[in-house]
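Undergrad: What follows is a structure written as structure tokens; I'll ask about it next.
Values in this text are rule-based calculations from the coordinates and carry no lab data. Just so it is clear, the structure is predicted and the values come from calculations on it, not from any experiment. For neighbour counting, all protein chains shown are included, and Cβ atoms are generated from backbone atoms with ideal geometry for every residue, glycine included.
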Amino acid sequence: MRIILDTDPGVDDALAIMYLAAQEDAEIVAVGSVHGNCSAPLAARNALRVLELVGLTVPVAVGAARPFAQPLQTAEFVHGADGLGGHAGPEPNGTVVSESAAEQLVRLARAHPGELTLLALGPLTNIALAVLLEPDLPKLLRSVVVMGGAVTVPGNITPYADANFFHDPEAADLVLGAGFPDMTLVGLDATEQARAGAEWLTAVGALDSPRATFANRLLDHYSGFYSQMFGTHTCTLHDPLAAALMLEPKLATYREMPLAVELTGTHTRGQVVSDQRLIASDAYIATKAGAGRVAVKVAETVEVQRFLDQM
Ligand code: BDR
Ligand code: CA
């Protein structure tokens with residue numbers, strides 16, 4: 001599978017990159033960074049750092065510096081001031097390319113129509129910009145997998161919204177309504193099942209290699225945050241699960257439904273709004289139920305143990 005990665009590393013983003021690098025059937029063609037867990041320029045340097053650690057040379061483009069319609073908000077309280085839990089280390093050797101992440105995505109999608117899968121692990125600002133630059137983007141990509149949203153479960157950053165959608169609700173709504181014919185949403189519904197528990201953390205902690213050492217530093221930081229917040233020695237592998245479901249969709253079950261994102265709710269800005277009625281046909285979805293929106297595959301039940309074993 002040939003993949004364009006859009007990401008905000010970010011501890012779990014970094015783990016997702018490491019996971020992808022270890023999969024023979026995954027080729028990361030290009031990376032775009034986006035604001036979210038940290039600033040977009042820092043996210044790009046962090047992507048370079050992780051790619052260099054795993055021995056991959058991939059172009060990295062800096063993406064959107066802020067969301068469409070609200071001030072920039074980053075998540076140092078989860079991912080640390082350097083975005084990698086204090087373990088970013090020295091500057092990367094490589095440098096970022098000169099085009100923006102949205103331009104890179106559009107250029108590559110046009111050059112390889114129907115070939116590329118987009119994996120979006122951060123706020124959807126770059127993807128929304130790319131749709132505005134190239135309205136045919138939905139037809140040019142092979143498929144899209146998005147980590148974001150909480151359809152049937154509570155949010156994380158607010159009671160109703162996950163961090164990726166909350167950090168740019170307008171972009172998320174634009175992308176969900178853009179008509180991508182093959183889009184999968186890996187929201188908190190699925191990722192909250194993908195908890196690394198004490199046993200898994202101990203097993204991974206015993207691994208000894210430069211990659212394992214880095215991964216364990218990230219996991220120590222990340223599980224430390226969970227211990228502080230929730231009193232449990234766990235952490236949730238949001239972005240790695242999205243990467244895994246992209247490569248092996250059968251690791252989860254899905255339900256198709258049209259989706260939108262709440263933009264004006266006093267308490268619910270950034271919440272996924274889903275049409276969960278049992279809908280008979282695509283024609284019905286297109287006309288009434290989804291306000292013209294194409295249904296999205298929402299990941300539901302995950303084979304957690306198999307995923308954790310792969311990780
Ligand atoms: C998402 O938000 C970020 O903190 C994580 O990297 C993940 O992509 C989970 O809500
Ligand atoms: Ca992320």
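Undergrad: Can you give me the long-range amide H partners of Ala81? Hydrogens built in the peptide plane at 1.01 Å from N, cutoff under 5 Å, separation of 5 or more residues or another chain.
TA: When sequence neighbours closer than 5 places are left aside, the close amide H contacts are Gly86.
Undergrad: Let me ask you something else. For the chain, set up a Gaussian network in which alpha carbons nearer than 10 Å are linked by springs, and say which option among Glu99, Glu262, Glu199 fluctuates the most.
TA: Glu199
Undergrad: Still on this structure: Using Cα pairs closer than 8 Å and at least 6 residues apart in sequence, work out the relative contact order for the stretch 1-75, in percent.
TA: The value is 33 percent.
Undergrad: Still on this structure, please answer the following. Let's see if you can work this out: charge +1 on each Lys and Arg Cβ, -1 on each Asp and Glu Cβ, no other charges. What is the dipole magnitude of the chain about its Cα centre, in debye to the nearest 20?
TA: Here the size comes out at about 360 debye.
Undergrad: Here's another thing I want to ask about it. FRET efficiency for Ala69 and Arg195, Cβ-Cβ distance as r, R0 = 30 Å, nearest 0.05?
TA: 0.35
Undergrad: Something else now. Apply the Karplus parameterisation 6.51 cos²θ - 1.76 cosθ + 1.60, with θ equal to phi minus 60°, to every residue of the stretch 11-27 and state each ³J(HN,Hα) to the nearest whole Hz, in sequence, with x for glycine and proline.
TA: Per-residue couplings from phi come out as 5, 6, 4, 4, 5, 5, 4, 5, 4, 4, 4, 8, 9, 4, 8, 10, 10 Hz.
Undergrad: Let me ask something additional. Using amide H atoms built in the peptide plane, which far-off residues or other-chain residues are under 5 Å from His35 H to H?
TA: Amide H to amide H, under 5 Å and 5 or more residues apart or across chains, His35 pairs with Ala40, Ala64.
Undergrad: For the stretch 258-269, in order, what is each residue's ³J(HN,Hα) by Karplus, 6.51 cos²θ - 1.76 cosθ + 1.60 with θ = phi - 60°, in whole Hz (x at glycine and Pro)?
TA: Working through the residues one at a time gives x, 10, 9, 10, 5, 10, 10, x, 4, 10, 10, 4 Hz.
Undergrad: So how far, in whole Å, is the C-alpha centre of the stretch 120-159 from the one of the stretch 11-53?
TA: If we compute the Cα centre of each part, the gap is 17 Å.
Undergrad: Same structure, new question: Given the -39500 (n - 2.57) contribution per DSSP H run of 4+ residues, what per-residue ellipticity at 222 nm results for the chain, rounded to the nearest 500 deg cm²/dmol?
TA: Calculated mean residue ellipticity at 222 nm is -10500 deg cm²/dmol.
Undergrad: How far, in nm, would the chain grow between Arg277 and Asp309 when pulled straight, counting 0.36 nm per residue and subtracting the alpha carbon separation?
TA: Stretched out fully, the Arg277 to Asp309 stretch lengthens by 8.0 nm.
Undergrad: Looking at Ser100, Ala178, Gly114, which one has the Cα that reaches farthest to the positive end of the dipole of the stretch 59-207 (charges on Cβ: Lys, Arg +1; Asp, Glu -1)?
TA: Positive-end residue among those listed: Gly114.
Undergrad: Hey, in the GNM for the chain with a 10 angstrom Cα cutoff, which one of Thr301, Thr202, Thr236 fluctuates hardest?
TA: Thr202
Undergrad: Among Pro240, Pro258, Pro181, which one shows the highest mean-square fluctuation when the chain is modelled as a Gaussian network with alpha-carbon springs under 10 Å?
TA: Judging by the Gaussian network model, the answer is Pro181.
Undergrad: Using θ = phi - 60° and the Karplus form 6.51 cos²θ - 1.76 cosθ + 1.60, what ³J(HN,Hα) does each residue of the stretch 302-311 get, whole Hz, x for Gly and Pro?
TA: 9, 7, 5, 4, 5, 4, 5, 4, 5, 4
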